[in-house]
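Every number here is computed from the coordinates shown, using simple stated rules; none is lab data. Nothing here was measured: the structure is a model prediction, and the numbers come from that model. Neighbour counts are summed over all protein chains in view; Cβ atoms, including those assigned to glycine, are modelled from backbone coordinates with ideal geometry.
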Amino acid sequence: MGNSQDQQTAASSAGFDVYHKHGSSVRVNSEVLLQTELKSVHPSDTVTWVEAEDCDFVGFAEAGHAKARLHDGERTYTAIRKYQVPLRSLDEPQGSVADNILFACWDYEWSGRWLTYYKFRWVDNGWQVREYYAIVTEKGDLKDGRCSFAEDLIKTCGTWTQKLHDEVYVYEDGNWEKNKALFNAVSKASWDDVIINPAMKSNLTKDIDSFFNARSTYLEYNIPWKRGVIFHGPPGCGKTISIKALMNTVRQKGVSNLYVKSFKASGCQSDQASIREIFTKARAVAPALLIFEDLDSLITDELRSFFLNEVDGVEDNDGLCIIGSTNHLDRIDTSITKRPSRFDRKYHFKAPAEQERLLYCRYWQKKLQSTPAINFTDEVCQAVAEATEGFTFAYLKELFVQTLLMHVGGHADLAVDYETAAAPEGRDKSEKEDEVSTVLSTSLEANTFYRTLRKQMETLAEDLEVENRKDDGDEHHPEDQVERKSEPGKDMIGGDDDQE
């Protein structure tokens, strides 16, 4: 910009004086006052103001698209240090420390030109956080009173900011946030880890792939390029891991992932306003996969009409594939589940049949093949698959995890000794063993790993029986429903479960 370093430092210091003076007095309109005062600090330049949430100039530079040099003097930088809890304490035991910047000034190079930009952050009288950047450029390339160079920078940086960079959009507490932790969880998901009916898996993957690849076909036939799909079935049968795998598949094709945790927001924002924000964002970043997990708990009677207006109203939803999951399809109004053009495809995730249980056992067999202490034979796979009718994938996972923990802790022999223990009061031991077959071949009888598995099967069969009785009670007495402990392995998509 032609100014010496001393002049630039003096200007940024004067900018701080404006900010400090204003923050120490009665305010009516901070934006107007700061804009006016900053123009007086830079009378020969053009000052362009930008909302910070729209353009991440710092991140843009850190990604290598520009160069930023911070003015770090006492009067050119004001921030509050804050401790950040690590995402995983195992990886980063002490966490980290970062700045919550209130005022700062940078020299900034982009597209071969240098400029100065400020950051201002304050809390207004309504306790709303206000955050702005001010770009200072030389006069000379004005068009309609605006700096064309600044406009180009804003467009380029804004476009970059709105894209996902190894992140997933998560809607919670009335705001969209970019979430790297969820991205890391999703990026580990693979269809190889999804053990469901092979035909359904094939249909599901082809269905979603063909949708995102068929924009021209939809346009040719003048059909709205949108899709709605519902995953339903008991907990622990593969819905969540399938959603993860879908998210990982589509993001590699440039499709944005958006995950909705809740409509609830702090302050005065209504659930209806949250729904509006959700669909506005999804339309802006389309093509997109928009996920509503536990759809039955999100869409209440009061919100149903508003939600449906966003799904199939006058707004353009081109490029949106909406995935809703539920454990209780019967609790969702038929105007959502049975109306064409809304959620027009449903996939039923049932408790796995024997063939799927066998495939899941082989999946674990492969995971443990490098562990010689575990005698995980084909015969063990077949025996477990036959003996676990009614088990969900979550219960099967719990079966293997608990058995392995017994081995790791050196308690496998103790588990086998339970064979001689008395049956619980009021229950005949032979009756209990009927649930898990005890007709063993000689090789199985000698296999400590399988015998430990068998004892865990008996315990989990009891838990499953209790859980099923509770579910039956819910159906007959919905007014008596209470929150209860979730099933083994049940988690939201940010978890690390292999098969939810």
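Structure notes:
- FRET E, pair R113, S40, Förster distance 25 Å, beta-carbon r, rounded to 0.05: 0.55
- Take each peptide in 208-217, 232-241, 395-404, count the other Cβ atoms within 10 Å of every residue, and average; sorted highest first, the result is 232-241, 395-404, 208-217.
- Here the scattering of the chain is modelled by Debye summation over its C-alpha atoms, one equal scatterer each and no solvent; at q = 0.06, 0.07 Å⁻¹ the log10 of I(q)/I(0) is -0.42, -0.55.
- Sites Q369 and E445 - FRET efficiency at Förster radius 25 Å, r taken between beta-carbons, to 0.05: 0.65
- HN-Hα J in Hz across the range 455-463 - Karplus 6.51, -1.76, 1.60, θ = phi - 60°, x for Gly and Pro: 5, 5, 4, 4, 5, 5, 4, 5, 4
- In straight-distance terms, cross-link reach from K39 covers every one of the lysines whose alpha-carbon lies under 23 Å from its own, apart from those fewer than eight places away in the same chain; here that gives K21, K119, K139, K143, K155.
- Summary of the geometry: the range 265-290 and the range 121-172, compared by the centres of their Cα atoms, lie 21 Å apart.
- Cα-Cα P(r), the range 308-372, percent of pairs per 10 Å interval: 15, 32, 21, 18, 12, 3, 0
- Between D344 and A79, the contour length at 0.36 nm per residue exceeds the Cα-Cα span by 90.3 nm.
- Residue order for Y118, Y77, fewest other beta carbons within 10 angstrom first, comes to Y77, Y118.
- Share, in percent, of DSSP beta bridges within the chain that are antiparallel, nearest 5: 65 percent
- Rounded is the label for the range 168-348. Its Cα gyration tensor axes, ordered a ≥ b ≥ c, give a/c under 1.5.
- Note on the range 272-361: Kirkwood hydrodynamic radius from all Cα pairs is 14.6 Å, rounded to one decimal.
- Computed extension gain for D152 through Q5, at 0.36 nm per residue and net of the alpha carbon distance, reaches 50.4 nm.
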